[in-house]
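Structure, as structure tokens:
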Amino acid sequence: MATSTAALQTTSFTGAEFAEQMPNARLILSDEPQMESPEHYEQLALLTTSLNWNWRDRQGFFIGANLSIYYDRSELLRRKFCGPDFFLVKDVEPAKRNSWVVWEEGGRYPDLIIEILSDSTAKTDRVDKKQLYQNIFRTPEYFWFHPYTLEFQGFQLSKKLIYEPITDTNGMKWSNALQMYLGIHTNKLRFYSQDGNLIPTPAESAEIERKRAEALAAKLQELGIDPTSISS
């Protein structure tokens, strides 16, 4: 079969020339595989929903969940990218994105990355991705957590630009990027406030409010006051 001139021209592009043809690289879709198990999905959902809920009144941040990061414009043809399970970028436009394209974001890389380990990815997450996040991304903080073994590690980029372990504080690890702790609660990785209180999900917040309302109603009844007679 004859090859068209257009096809020859396309295949002769360098990565940089190919990138120049794209009017908006933010349109590049994420290309990450599905999470490996329901436990991995649940863990990722806990992290994203609890942080989004806690920061619901804040502006200017982006949370990526199993989303591709394209970081080398000259290597687009080779599809050179990386997809952390969870990442946070602060002080950016809070727009919806199909992927995170570094050169379209002013050269910004994540401020924090969390990988959820599995037996098939653990070696890559502990070695290859750690080196990538340290040497190329220069991401200030990197954590990983295994939902089955409960292995939990955290690293902070030092002044020498190498990852050093984050020490435990009462079983939790402090994140400067979040101004929160990370720790394990009922076999799940969770966020904690500076005071050590669990950061709730929306559902957990609703349950807390329900119990608080029930306790208040019971107290009013003890005092002989009909709770329904008090306007909210």
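FYI, it's all coordinate maths here, none of it is from the lab. Computed from a predicted structure; not experimentally measured. Here Cβ is always computed from backbone atoms with ideal geometry, including for glycine, and neighbour counts include all displayed protein chains.
Observations, loosely collected:
- By other beta-carbon atoms within 10 Å, ranking Ile225, Ile116 with the fewest at the front produces Ile225, Ile116.
- The packing ranking of peptides 141-148, 201-208, highest mean first, is 141-148, 201-208, where packing means the average number of other beta carbon atoms within 10 angstrom of each residue.
- Listed peptides 38-48, 87-97, 155-165 by packing density, highest first (mean Cβ within 10 Å): 38-48, 87-97, 155-165
- In terms of packing, defined here as the mean over residues of other Cβ atoms within 10 angstrom, the peptides 182-193, 49-60 line up highest first as 182-193, 49-60.
- Unsatisfied cross-links (Cα-Cα over 27 Å) in the set Lys130/Lys173; Lys129/Lys159; Lys90/Lys159; Lys173/Lys211; Lys90/Lys211: Lys173/Lys211; Lys90/Lys211
- Over the range 77-225, equivalent-ellipsoid semi-axes from the Cα gyration tensor in Å: 37, 19, 15
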